[in-house]
Amino acid sequence: MLSPAATAVAAVRATAGSPAAVRGMHARILKEGLAHHPPNPAALVSAYAKSRLLPDALHLFDETPRRDIYIYSSLLTAVSHSASPELALPILRCMLSADALHPDHFVISSVASVFARLRSRRLGRQLHAHFVASPYNGDDVVKSSLVDMYCKCGSPDDGRKVFDSMSAKNSVVWTALVSGYASNGRSEEALQLFRSMPGRNLFAWTALISGLVNTGESVGAVELFVEMRRDGVRIDDAFVLSIVIGASADLAAFVLGRQLHGSAMRLGFLSNMIVGNALIDMYSKCSDILSAREVFEGITFRDVISWTTMVVGEAQHGRAEEALALYDRMVLAGAKPNEVTFVGLIYACSHAGLVQKGRQLFESMKNEYGITPRLQHYTCYLDLLSRSGHLLEAEELMTTMPYEPDEATWGALLSACTKYKDAEMCIRISDKLLELRPKDSSTYILLSNVYAVNGKWDSVAKVRKCMIGLEIRKEPGYSWIEAGREFRLFHAGEVPLDVREEIMVFLEEMVLEMRKRGYVPDTSSVMHDLEESEKEHHLFLHSERLAVAFGLIKSPPGSVIRVVKNLRVCVDCHTVMKLISEITHRKIVVRDSSRFHHFEGGKCSCSEFWEDLSSGREDILWVVDDRTASNMQRNKWTMRGPMIREGQTTAAHMTGKGRTQLREASTHWAACGGWAVVSGRADEICSLTKGKR
């Protein structure tokens, strides 16, 4: 027959996982006077921890008068799996000093897990030294924990030394070491170890594939997944599938992503939330926002990641209204937005010019949800203010925010100052940015242009000297595209020989058609000292144009052309893409380093609010009739640049050199009574009247 204490322990263990049941059993034990009888305290601590009641476990620990090694072991195990692993440090000090207890192998193993979570190699090595000097130095379970700890602390070689000292190696420690090498960018060692591993199971494959994806080796991860499928490894866990879908998203491999979507459907994982979230992210990054939305709507149970991934996807595709409407649905559904959600929302407002809405969201994040804005939030908010012309407010925010502005933050404000031609502010911001000695080549180009425009030639020389001293080089532009089963990478100025003739002929035909529609190349983004015709040829061979031409030549009629570019699309290429979409009656989606552009029927989804602020090389003129001018002034529309009445010449309103370029405005021609936007640099004078472009 069991003693009362043993009966109580059994009853406590049975309640683990149920907060109400654990608390009820604790009250019963207190009434029976068994609360401090070993092993009841340790059992209660463990039960509280398994019921996600760590504060109760800590309170019970503090009230226990005689603490033994078992209660310490239970509490440290609980803390090692909690959201606050750093709580283990004072507990460990208390065990060693206040209670003068020596850690056993269970405690050492738990503490190793804590140090792995904290990524503390220094503490980990101290623990390892203590383990070697302890009576348990031959325990392979502890050694397995040490291997995992070293790998997670970025020292897989130290983990390998412990691994080699083990007498019996199970699949868990093999997997930990393989994952350690892969996650630390040591793919060759990881693969070599993996190949020598006996009895490779799904978890070992998953660890290796996950490690490769996390270090940016997505192509190798996909190849391993294909090999795993050929080896007949049964996929009975959705995690590996979600990882490979993530790899296809990183590669913007649309066809591969669709195939993995089909695999998820065949394997029965389509209703799995993790796979659903990965598919939403994949379709968003592969330019198919409608398929992403379809997957989202098909998920039965959505978590905050589901909502946030979809909100960010809509924002990056320039669908601000959809992103904001989705946020309203999210709140009504009871999902609490997180930090990333608000980054996406403020980003959406920034690229749509929704200043007031952006302000509301920034304040709501702090006041309603208690989220402390991070530097990324401030950067997005500053971008919103500066893009919309609120330069002084943006500068004031930069000086009062609790973070030191970085290169991206100063650069966004400087770009806006350049755009709105605030010369005094340009110089002030440029000087502050130059003090940071930025690393991005585009920042130096922007600085050089700002100083040159304002006649600060000493500063121009200083900028160029910094570029030479820091060996700053402009990142070369490249674009890639999938056309059917063919995958091609194009570099600016380089046309592959096997398709050179086809692409050049196609682009020349497009230029002829575009010129019929009033196209004049905008060479303002070409920084080289070249003749105008050479600048036009330089634009002609931009990588995204080559990729789009290849896609239109090789893809089936009516299919969507999807291109990914490593840099931002220049102003002229943006105009060209709109015209090509109109001429060919094809939809073209370009994902650049900032956002997605959906070109269709001669228009872009960005509504012309995308423009590269770093150029600062365009003047804007509004030409309106009397009625429209009155309506604009009455409604207090914000206009960038001067407004003139119908029939007046534009000579007095345009400055600089170059050609005048006429572009379609973001609002339809008839929607505001007939107006146009003229942008560029004028040495050719034109006059516009209502109804003409």
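The values are calculated or read from the model by the stated rules, or taken from the named source; none is laboratory data. Keep in mind that what you see is a predicted model, and the values were worked out from it rather than measured. Cβ atoms come from the backbone with ideal geometry, glycine included; neighbour counts cover every protein chain shown.
So here's what we get for this one:
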{"quantity": "Residue check, Met197 at pLDDT below 95 and either surrounded by 21 or more Cβ atoms within 10 Å (Cβ to Cβ) or of a type outside the set (Ser, Thr, Tyr) (or both)", "calculated": "yes"}
{"quantity": "The listed residue being at pLDDT below 90, under 33 Å from the mean Cα position of the chain (by Cα) and buried (at least 17 other Cβ atoms within 10 Å of the Cβ), out of Ser82, Ser113, Ser73", "calculated": "Ser82"}
{"quantity": "Selected residue (only one of Arg562, Arg568 is within 17 Å of Gln316 (Cβ to Cβ), in contact (Cβ under 8 Å) with a residue 40 or more places away in the chain and surrounded by fewer than 23 Cβ atoms within 10 Å (Cβ to Cβ))", "calculated": "Arg568"}
{"quantity": "Any hit, the stretch 284-297, residues being on the phi < 0 side of the Ramachandran plot, outside any helix (DSSP H, G or I) and small (Gly, Ala, Ser)", "calculated": "no"}
{"quantity": "Selection status of Leu391, of a type in the set (A, V, I, L, M), more than 20 Å from Ser459 (Cα to Cα) and surrounded by fewer than 24 Cβ atoms within 10 Å (Cβ to Cβ)", "calculated": "yes"}
{"quantity": "Breaking point among (1) hydroxyl-bearing (Ser, Thr, Tyr); (2) over 17 Å from Ala49 (Cβ atoms); (3) surrounded by fewer than 22 Cβ atoms within 10 Å (Cβ to Cβ); (4) under 41 Å from the mean Cα position of the chain (by Cα), for Tyr150", "calculated": "(3)"}
{"quantity": "Selection status of Leu446, touching a residue at least 40 places away in the same chain (Cβ under 8 Å) and under 19 Å from Ser593 (Cβ atoms)", "calculated": "yes"}
{"quantity": "Restricting the stretch 290-302 to residues that are surrounded by 14 or more Cβ atoms within 10 Å (Cβ to Cβ) and out of contact with any Leu (no Cβ under 8 Å at 6 or more places or on another chain), the residue that is modelled with the lowest pLDDT", "calculated": "Ile299"}
{"quantity": "Long-range neighbours under 6 Å by Cβ, at least six apart or interchain, first residue of a type outside the set (D, E, K, R) within the stretch 94-115, second outside any helix (DSSP H, G or I)", "calculated": "Met95/Leu101; His105/Tyr136; His105/Asp139"}
{"quantity": "Residue in the stretch 354-375 that is closer than 17 Å to Ser594 by Cα and out of contact with any Leu (no Cβ under 6 Å at 6 or more places or on another chain) present", "calculated": "no"}
{"quantity": "Any hit, the stretch 527-539, residues being at pLDDT below 95, basic (Lys, Arg), in a helix (DSSP H, G or I) and outside the structural domain of Ser448 (by TED's automatic domain parsing)", "calculated": "yes"}
{"quantity": "Flag for Asp612 being over 24 Å from Glu322 (Cα atoms) and either touching a Leu at 6+ places or on another chain (Cβ under 6 Å) or modelled with pLDDT under 80 (or both)", "calculated": "no"}
{"quantity": "Selection within the stretch 460-499 - among the basic types (Lys, Arg) and within 30 Å of Lys285 (Cβ to Cβ)", "calculated": "Arg473, Lys474, Arg485, Arg488"}
{"quantity": "Qualifying positions in the stretch 29-80 - part of a helix (DSSP H, G or I) and free of Cβ contacts under 8 Å to residues at least 12 places away in the same chain", "calculated": "Leu30, Lys31, Pro55, His59, Asp62, Glu63"}
{"quantity": "Some residue of the stretch 80-91 being touching a Pro at 6+ places or on another chain (Cβ under 9 Å) and either under 18 Å from Thr15 (Cβ atoms) or not basic (Lys, Arg) (or both)", "calculated": "no"}
{"quantity": "Exclusive hit being part of a helix (DSSP H, G or I), surrounded by fewer than 22 Cβ atoms within 10 Å (Cβ to Cβ) and either modelled with pLDDT of 95 or more or out of contact with any Phe, Trp or Tyr (no Cβ under 6 Å at 6 or more places or on another chain) (or both), set Lys161, Lys143", "calculated": "Lys161"}
{"quantity": "Residue among Ile245, Ile305 that alone is farther than 20 Å from Val219 by Cβ, aliphatic (A, V, I, L, M) and part of a helix (DSSP H, G or I)", "calculated": "Ile305"}
{"quantity": "Sole residue being touching a helix residue (DSSP H, G or I) at 6+ places or on another chain (Cβ under 7 Å) and either at pLDDT 90 or above or within 25 Å of Glu509 (Cα to Cα) (or both), chosen from Thr584, Thr575", "calculated": "Thr584"}
{"quantity": "Counted residues, the stretch 345-369 - those being under 15 Å from Ala416 (Cβ atoms) and not in a helix (DSSP H, G or I)", "calculated": "2"}
